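To keep things clear, I will list the structure first and then write my remarks on it.
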Amino acid sequence: MKLREIAHSRTGDKGNTSNISVIAYEAKDYPLLVAQVTAERVRAHFAGVVEGSVVRYELPRIGALNFVMTETLGGGVTRSLALDAHGKSLSSALLDLEIEAPAD
């Protein structure tokens with residue numbers, strides 16, 4: 001299933017760094033996010049886009065993961081030649097990540 005089926009996202013960017021939060025719709029799905037949406041998977045999902053590091057921060061009280069991705073926006077939003085390299089596009093792409101459905 002797609003990540004978007006159990007979570008939504010919020011984004012931001014500063015310079016050449018993009019910040020994407022993935023927030024579970026329901027608290028019961030947060031452990032699934034923690035287990036399957038790792039920094040390594042996010043970096044692999046954005047191969048060719050993220051040239052720097054991907055650091056994951058866990059926010060269990062709000063059922064969210066926050067990913068800080070460096071060297072991601074083609075030199076920075078105001079310097080990039082990409083039409084829309086901003087975090088909003090990247091968050092939509094991240095929500096296309098395939099994850100295993102929980103065994104209910």
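The figures follow:
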quantity	calculated
Total residues in segment 1-34, condition closer than 11 Å to SER91 by Cβ and among the hydrophobic types (A, V, I, L, M, F, W, C)	5
Options VAL50, VAL37; residue that is aliphatic (A, V, I, L, M), modelled with pLDDT of 95 or more and over 14 Å from SER92 (Cβ atoms)	VAL37
Answer from LEU32, LEU65 - the residue that is at pLDDT 90 or above and in contact with a Pro (Cβ under 6 Å, 6 or more places away or on another chain)	LEU32
Residues satisfying the stated conditions in segment 74-104, i.e. modelled with pLDDT of 75 or more and under 15 Å from GLY15 (Cβ atoms)	LEU90
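The values are calculated or read from the model by the stated rules, or taken from the named source; none is laboratory data. Being a predicted model, the structure only gives us computed values, none of them experimental. Positions of Cβ are generated from backbone atoms using ideal geometry, with glycine treated the same way; all protein chains shown enter the neighbour counts.
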